[in-house]
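J.: Questions regarding the structure given below will be posed in turn.
The values are calculated or read from the model by the stated rules, or taken from the named source; none is laboratory data. Every value quoted in this text rests on a predicted model; they were computed, and no experiment measured them. Here Cβ is always computed from backbone atoms with ideal geometry, including for glycine, and neighbour counts include all displayed protein chains. All accessible areas refer to the heavy atoms of the entire protein, side chains included, with ligands and DNA or RNA removed. Shrake-Rupley method; radii C 1.70, N 1.55, O 1.52, S 1.80 Å.
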Amino acid sequence: MKKIFLIITAAISFTACETEYLPNDQLAAATVYTNLKDLQDGMNGVMGNYNPYPQITFNSIFTDECKIGKDSGGQQVTLYNMQVTAAVNANDIWIANYRTINFANKIIDAAAGIPTNTPAEVAQKNNILAQCYALRAHCHLNLLSHYATTMEDPAALGVIYLDFVPAATAQLPRNTVGECFTKMTEDLNTAQALFTGASNKIFMNREAITFMRAKIALFTGDNAGAITNADALISQFGLATTAEYVNMFADAGAGFDKEVIFKAERKGNNAFVGGIWYFTGTGGAFMEMSNSMFDSFQAGDVRPSVLMWGAESDPSANLHLIGKYLGSEGFPYMNDIKVMRISEMHLVKAEAQAKLSQFTAAAATMQNYVNARYASGAPTKNYTTTQNAIIDILEERKLEFGFEGHRYVDLKRLRAISNTGIERSSLDCGGAAPCELSPSDDRFTMPIPLAEMNANRSMVQNPGY
């Protein structure tokens, strides 16, 4: 783990005190956080720099969501060509999530020494801790979904569940999948017990805990639990109308936050998410939306108007510009990242119902969901097998969560049922760019980064690498 934490602590400056980002063996958390304000500033810094961009990048460019753009100068071509090894395209998700975990752990450690003198201070401290525990569980779930071969076998190798601040020289082994989920649940239970007051969507909150419980249940095969937790949130949050859906991705207008449970708020001093596919200075696109995505569009569906930048695209010339992050607050390509939305709970519920062979119920859940996405002409849902339900749910997930960091994980975890991997349009591939990735390919599990393998003698690499 030495390499991870030397990279993590030096990699980025946060909005809190810069001194807290020195390596662990150079600066103790207790030195940085001496009072409740320090603790709150640290938490604000962690959330302000929580970074889902690597997941969005990998899940969009490696799969069938993107194609090479008209202004490409070779940016992200190795990832588009599905070149993934321990040394290539394996680091960013690993580092981003462990960095956030590391600083959440530092705040948890430091909190023990921070005095509180009033009930309000106790509540504030408890909320800070709750956010740290919940965020730690969330980041470990991100890591597990990319770096574990499966999430349904508790004996399979997972990731290092880092629920403490390690020494810089620590040599830590991977926990099993079962151990990871046990520790995630413990963190969520702790967070839930600590939360007080009203929820804030730009921080972890009670509803985010229920959201993660639903996903953990789904990923581990507890389909009844997934339905129960999804229903708990569906009863609290309504689906956006078509107008509200457009507003949601513009970060402004009536009902723009209606569906949102947790989001990574972005302001002018943050990196622009649109820079994953665009040159943010000139606006040129080095990556575009794929023909595979474009060919999934249906008349009456509001989602294409968000996924594609209609005013600047020209489908007749094979030009499909990504429109989900065109900017807000006067900053091009800067938008909040909607990490958790109620729409996903409808899709989680339908998937769990399909896996339980409740095909009529699954179709009804999906019908209710797609009716909200279509101004008119919503397709009729009807399922007769688990496979045809899952294939349809995968297609709806592609349209709903395009460019949000889901596609690779969705295809990976459902490929045994769908019997499909990555299938790109013939217009989007050829030469060095593969047209498909078999569902049995080892690249459906990411490799442990080479830097970690070299620094950590206890680490075990994934098959195929």
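J.: Going by Cα centres, the range 228-306 and the range 427-443 are how many Å apart?
T.: 27
J.: At a 1.4 Å probe, what is the % contribution of carbon and sulfur to the accessible area of the chain?
T.: Within the chain, the accessible surface is 52 percent carbon and sulfur.
J.: Continuing with this model, one more query. Assuming R0 = 25 Å, can you tell me the calculated FRET efficiency for the pair Glu436 and Ser357, based on Cβ-Cβ distance, to the nearest 0.05?
T.: 0.25
J.: Would you mind pulling out the separation of the Cα centroids of the range 165-218 and the range 350-392, in Å?
T.: The range 165-218 and the range 350-392 have Cα centres spaced 30 Å from each other.
J.: Based on the Cβ-Cβ distance of Ala299 and Ile391, what FRET efficiency does E = 1/(1 + (r/R0)^6) give at R0 = 22 Å, to the nearest 0.05?
T.: The computed FRET efficiency comes out at 0.55.
J.: Which whole-number value in Å² is the accessible area per residue of the chain, probe 1.4 Å?
T.: I get 36 Å² per residue for the chain.
J.: Summing +1 for each Lys or Arg and -1 for each Asp or Glu, what net charge is found among the other residues whose Cβ lies under 11 Å from the Cβ of Ala214?
T.: Cβ neighbours under 11 Å give a net charge of -2.
J.: Kindly write out, for the range 440-456 in residue order, the coupling ³J(HN,Hα) from the Karplus curve 6.51 cos²θ - 1.76 cosθ + 1.60 (θ = phi - 60°), rounded to whole Hz, with x marking Gly and Pro.
T.: 8, 5, 4, 6, 6, 10, 6, x, 5, x, 4, 4, 5, 4, 6, 8, 10
J.: Tell me which residues come under 5 Å, amide H to amide H, from Ser328 once H is placed; ignore anything under 5 positions away on its chain.
T.: So Ser328 has HN proximity to Tyr333, Met334.
J.: Hey, another quick one. Which semi-axis lengths, in whole Å and largest first, follow from the square roots of five times the eigenvalues of the Cα gyration tensor of the range 125-209?
T.: One finds semi-axes of 25, 15, 10 Å for the range 125-209.
J.: Quick one, what does Rg over Rh come out to for the range 76-144 if you take C-alpha atoms and the Kirkwood Rh?
T.: So for the range 76-144, dividing Rg by the Kirkwood Rh gives 1.23.
J.: Cα convex hull of the range 371-465: how many Å³ per residue?
T.: Taking only Cα atoms, the range 371-465 has a hull volume of 160 Å³ per residue.
J.: Which angle from 0 to 90°, rounded to the nearest 10, does the C-alpha axis of helix 342-355 make with the longest principal axis of the chain?
T.: Helix 342-355 and the main axis of the chain meet at about 70 degrees.
J.: Compute the Rg to Rh ratio over the chain from the alpha carbon atoms, using the Kirkwood formula for Rh, and round to two decimal places.
T.: 0.95
J.: Net charge near Leu319: determine it from the other residues with C-beta under 14 Å of the C-beta of Leu319, scoring Lys and Arg +1 and Asp and Glu -1.
T.: Computed value for this residue: -3.
J.: Using 0.36 nm per residue of separation minus the Cα-Cα distance, give me the extension gain between Gln236 and Ala87 in nm, one decimal.
T.: The Gln236-Ala87 span can extend by a further 49.2 nm.
J.: Can you tell me the dipole magnitude for the range 407-465 around its Cα centre, using point charges on the Cβ only (Lys, Arg +1; Asp, Glu -1), in Debye to the nearest 20?
T.: Dipole magnitude for the range 407-465 comes out near 180 debye.
J.: Still on this model: Long-range amide H contacts for Met308: which residues qualify at under 5 Å (H placed 1.01 Å from N, peptide plane, sequence gap of 5 or more or a different chain)?
T.: Here the answer is Gly323, since their amide H atoms fall under 5 Å of that of Met308.
J.: Put a dot 7 Å past each Cα toward the Cβ at Ser458 and Glu179; how far apart are the dots in nm?
T.: Label-label distance for Glu179 and Ser458, simple model: 0.8 nm.
J.: How much length is gained if the chain between Thr118 and Leu172 is pulled fully straight, taking 0.36 nm per residue apart and subtracting their Cα-Cα distance, in nm to one decimal?
T.: Fully extending the segment from Thr118 to Leu172 adds 15.5 nm.
J.: So how far apart, in nm, are the two label points at Leu319 and Gln367 if each is 7 Å from Cα heading toward Cβ?
T.: The modelled label-to-label distance comes out at 4.2 nm.
J.: In addition: Return one number: the angle in degrees, 0 to 90 and rounded to the nearest 10, between the long axis of the Cα atoms of helix 223-234 and the longest principal axis of the Cα atoms of the chain.
T.: For helix 223-234, the angle is close to 90 degrees.
J.: Report the gain in length on full extension from Ile202 to Phe279: 0.36 nm times residue separation, minus Cα-Cα distance, nm rounded to one decimal.
T.: 25.0 nm
J.: Here is a further query. In nanometres, what is the gap between the two model label sites at Ala193 and Thr34, each 7 Å from Cα along Cα-to-Cβ?
T.: Once both label points are built, they end up 3.2 nm from each other.
J.: Right, here's the next one. Return the long-range amide H neighbours of Phe262 (sequence gap of 5 or more, or a different chain), with a cut-off of under 5 Å between placed amide H atoms.
T.: For Phe262, whose amide H was placed from the backbone, the distant partners under 5 Å are Val339, Met340.
J.: Looking at Leu356, Gly300, Ala191, which one has the Cα that reaches farthest to the positive end of the dipole of the chain (charges on Cβ: Lys, Arg +1; Asp, Glu -1)?
T.: Positive-end residue among those listed: Ala191.
J.: A follow-up question, please. Can you give the three extents of the C-alpha atoms in the range 120-167 along their principal axes, from longest to shortest, in whole Å?
T.: Taking max minus min along each principal axis of the Cα atoms, the range 120-167 gives 45, 26, 16 Å.
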